[in-house]
């Protein structure tokens, strides 16, 4: 089940239809989309430290995007984002468009690197994500955020990471934390139920065929899970939305968890996250849906 790294960057509507088409082509190809589109993302909507260590490994670094509009009384909501890339690739700088989009909407965003396969197996990168969440919770207040309004969010492989932190208590317990510390979690086009594994890279990351059933987020659907937002593309050809997104949503609802789910037309696997970029938010209402969920407001139809 290949999960490509969405090296995506938004492009301004001012460039016209030809420019937008070129940007989307770059997004889908995943080749130079980050470099081409990065110049077109606003730089004046946020501030914050970059390359902040959250653990001992060289990959244990994160960037913070704080809204330039300032914080709100009682603290601003905080979202920790994990990118996709088949658990074998990805760099936090490639996802500045996510941090910018959230910060421009009054949300503090944290984008974290984590170790990748083959350096580590799934236990390793999930442990890294737990460390990044520990840092985020510990520093939320000093960043102007509300420690009681911290969420995790991810796209594709990163949505798996977010789901496991939110649903499986094993990863936070060694740090003295629990999923109940989260105000919610958000998954974009995530793989939550993907056994058996056919992709060789994913097989290595998950030690197939010795992959345990409890490596799957759907295994942990329970009534104590944080409130959940699951978004996907109906025509996703990389991660089956019906099996993964709809399947997990149904399992969580059956367990008694509050779940909001949206399946979008006219986008695909990569553009599910690309639509977060403000100049590409016309592709599908991914950004307003995420923002409303984080703020605790009614979701757009």
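All of the numbers you see were taken from the coordinates with simple rules; none came from a lab. This one's a predicted model, so the numbers in the text were calculated from it and none came from an experiment. Virtual Cβ from ideal backbone geometry, glycine too; neighbours counted across all protein chains shown.
Structure summary
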item	result
Contour minus Cα-Cα distance for residue 282 and residue 213 (0.36 nm per residue)	21.0 nm
Neighbour-count ranking [beta-carbon atoms within 10 angstrom, fewest first] of 171, 282	282, 171
Percentage relative contact order, the range 43-295, counting C-alpha pairs under 8 Å, at least six apart	17
Antiparallel %, DSSP beta bridges [both residues in the range 54-150], to 5	40
Tensor-based shape of the range 108-200 (alpha-carbon gyration tensor, a/c under 1.5 rounded, otherwise prolate or oblate)	prolate
Amide N of the range 266-301 lying under 16 Å from the label point, which is placed 7 angstrom from the Cα of residue 72 along Cα→Cβ	288-300
Percent of beta bridges antiparallel (DSSP, the range 43-295, rounded to nearest 5)	25
Exposure proxy order (Cβ contacts within 10 Å, fewest to most) of 43, 60	43, 60
Calculated over the chain: convex hull of Cα atoms, volume per residue (Å³)	120
C-alpha center-to-center spacing [the range 118-181, the range 234-266] in angstrom	21
Spin-label pair residue 297/residue 57, simplified geometry with 7 Å Cα→Cβ offset, distance in nm	3.8
Principal axis dimensions, largest first and in whole angstrom, of the range 235-283 by Cα	38, 22, 13
Ascending count of other beta-carbon atoms within 10 Å, so fewest first, for 155, 47, 269	47, 269, 155
